[in-house]
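Dropping a structure here in structure tokens format, bear with me for questions.
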Amino acid sequence: MGQSGRQLHLNLFILSTGHHEASWRHPEAFPERATSLEYYQQLAKTAERGKMDSVFLAEKYRLNSMVKYRVIPQLEAFTLLSAIAAVTERIGLTATASTTYNEPYHIARKFAALDHISGGRAGWNIVTSTGDVTARNFSKERHPEHRERYEQGKEFVEIAKRLWRSWGEGALVVDRESGIYADTDKIRPADFEGRFYSVSGPLNIPRSPQTYPVLVQAGSSEDGKEFAAELAEVVFTVQSAMGGAQAFYKDLKGRMGKYGRSAEQLKVLPGFTPFIGDTEAEARERMRELDELTVTEYGLNTLSATLQTDLSGYPLDGPLPLDRLPKVEEIRGQQARFQQYVDLARREGLTIRELIFRTAGGRGHFTYAGTPVQIADEMERWLRSEAADGFNLMPPLLPRGLDDFVDKVVPELQNRGVYRTEYSGRTLREHLGLPYPIPE
């Protein structure tokens, strides 16, 4: 058993052909199956064989302007996860849904349905979305400012919780003899009036197995950390090195007390992109072969968008123009990722081209090339050092990267006693050791 009996939590972040931006060009990838149900079902079944807590689907509401150079993301999350639920039994199902471009009633209803369909395996990755391009797909000219998005998000989550609780304990009677299906005295309206929303309720679906899905959050900015400390149960975070991850872990968990929450009520899962080989040289070769498939124009566009600065006029083999970049608080998109890229370039003195390659595989997330033993060593070190409660696994190439991880790294972790050998529960809350909402 690991330090103080702690065990790793693992989530699989599924992204079409893999997280390396050039993965679709690799001969072992299947870009033509990016919209294939069977492909994603098989990935989920492999993750379940590896006893992972959950599979996770990201969701964007716009077409990437550089789709010319990269395979599109997978199918709509709720539809796909419902289909995955039908061929799996234990693994959690985490869908991304934006609080900026949805309505609370609509999203609460979808998650209640997914939780029922899966027998209590639903999780909600709460995001506020990015970019004016997205805004214009929803009849808006501009994407809201950072702080306003989080204020709107908090209101959204509060309404969703009220809706999920609107069917109280014992509201569902199903008494054939008396002819009573539901006790309407135990069904309450949400009755929410706020700055952004006005929602009456109640929800038109009975209370689901978990009452409400596990609440996941992926922002690491100041606003994001406060949001997570108050509301989130799992946090996906971008951390490129253990020192920064330790500081983030301590900072985030240290904020929870003022909201009446204990540190155990929140699991911190940094993204992790492992390149796995039977030898360290083979692992590094696997990283190199993907890096060499990177299309520079795509990487430069992505980097420019993340840093909110047009880098096309700067020499690729010259330094990143740090003095020309905006301040982090001026970033309208992902502030935490902006800061990760800037810190990485400054810390290692990277050229623009080098930064493109360094972020091609994991987009600033922790990336490591090594043998199964070396990778297990790193994961255990992060766990023991309170840099993470586990990881959001981001294989650079799918399905091979997942197969190698489950077949080679998982047994190594299990032998060390820091990872489960079997599921002990059936719901996502039980996998994560999280409490159920208190009945009302």
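The values are calculated or read from the model by the stated rules, or taken from the named source; none is laboratory data. Remember, it's a predicted structure, so these values are computed and weren't measured experimentally. Neighbour counts are summed over all protein chains in view; Cβ atoms, including those assigned to glycine, are modelled from backbone coordinates with ideal geometry. Just the protein is used for accessible areas: all its heavy atoms, side chains included, with ligands, DNA and RNA removed. Shrake-Rupley method; radii C 1.70, N 1.55, O 1.52, S 1.80 Å.
Filter the stretch 1-55 down to residues that are of a type in the set (Lys, Arg), in a helix (DSSP H, G or I) and touching a residue at least 24 places away in the same chain (Cβ under 8 Å), then give me how many there are.
Residues flagged as of a type in the set (Lys, Arg), in a helix (DSSP H, G or I) and touching a residue at least 24 places away in the same chain (Cβ under 8 Å) within the stretch 1-55 amount to 3.
In the stretch 1-33, what residues are over 26 Å from ALA388 (Cα atoms), of a type in the set (A, V, I, L, M, F, W, C) and either open to solvent by 10 Å² or more (accessible area, probe 1.4 Å) or at pLDDT 95 or above (or both)?
Across the stretch 1-33, the qualifying residues are TRP24, ALA29, PHE30.
Also, I was wondering about something else. Given (1) open to solvent by 10 Å² or more (accessible area, probe 1.4 Å); (2) out of contact with any strand residue (DSSP E or B) (no Cβ under 6 Å at 6 or more places or on another chain); (3) at pLDDT below 95, where does ILE352 come up short, assuming only one miss?
(1)
Out of curiosity, is ALA160 surrounded by 14 or more Cβ atoms within 10 Å (Cβ to Cβ) and more than 28 Å from ASN102 (Cα to Cα)?
Criteria not met by ALA160.
Hey, another quick one. Please enumerate the residues belonging to the stretch 411-439 that are assigned to a helix (DSSP H, G or I) and either under 23 Å from the mean Cα position of the chain (by Cα) or without any contact (Cβ under 8 Å) to a residue 40 or more places away in the chain (or both).
Passing the criteria: PRO411, LEU413, GLN414, ASN415, LEU428, ARG429, GLU430, HIS431, LEU432.
Another question about this same structure. Across the stretch 387-410, what is the total count of residues that are more than 30 Å from TRP24 (Cα to Cα) and in a strand (DSSP E or B)?
Summing the residues that are more than 30 Å from TRP24 (Cα to Cα) and in a strand (DSSP E or B) in the stretch 387-410 gives 0.
Test each condition in (1) more than 30 Å from GLU145 (Cα to Cα); (2) in contact (Cβ under 8 Å) with a residue 60 or more places away in the chain; (3) in contact with a helix residue (DSSP H, G or I) (Cβ under 6 Å, 6 or more places away or on another chain) for GLN374 and report the one that comes out false.
Evaluating GLN374 over (1) more than 30 Å from GLU145 (Cα to Cα); (2) in contact (Cβ under 8 Å) with a residue 60 or more places away in the chain; (3) in contact with a helix residue (DSSP H, G or I) (Cβ under 6 Å, 6 or more places away or on another chain) leaves (3) as the failure.
Determine which member of the set LEU413, LEU428, LEU397, LEU434 is within 30 Å of PHE111 (Cβ to Cβ) and buried (at least 23 other Cβ atoms within 10 Å of the Cβ).
LEU428
State whether the residues of the stretch 171-183 include one that is under 23 Å from ASN102 (Cα atoms) and surrounded by 16 or more Cβ atoms within 10 Å (Cβ to Cβ).
No, the stretch 171-183 has no match at all.
Is the stretch 58-72 home to any residue that is of a type in the set (Phe, Trp, Tyr) and farther than 25 Å from GLY219 by Cα?
Yes, the stretch 58-72 contains a residue that is of a type in the set (Phe, Trp, Tyr) and farther than 25 Å from GLY219 by Cα.
Let me ask something additional. With the condition being open to solvent by less than 10 Å² (accessible area, probe 1.4 Å), more than 30 Å from GLU145 (Cβ to Cβ) and in contact (Cβ under 8 Å) with a residue 24 or more places away in the chain, I'd like the helices (runs of 4 or more DSSP H) fully within the stretch 212-331 carrying at least 1 qualifying residues.
280-291
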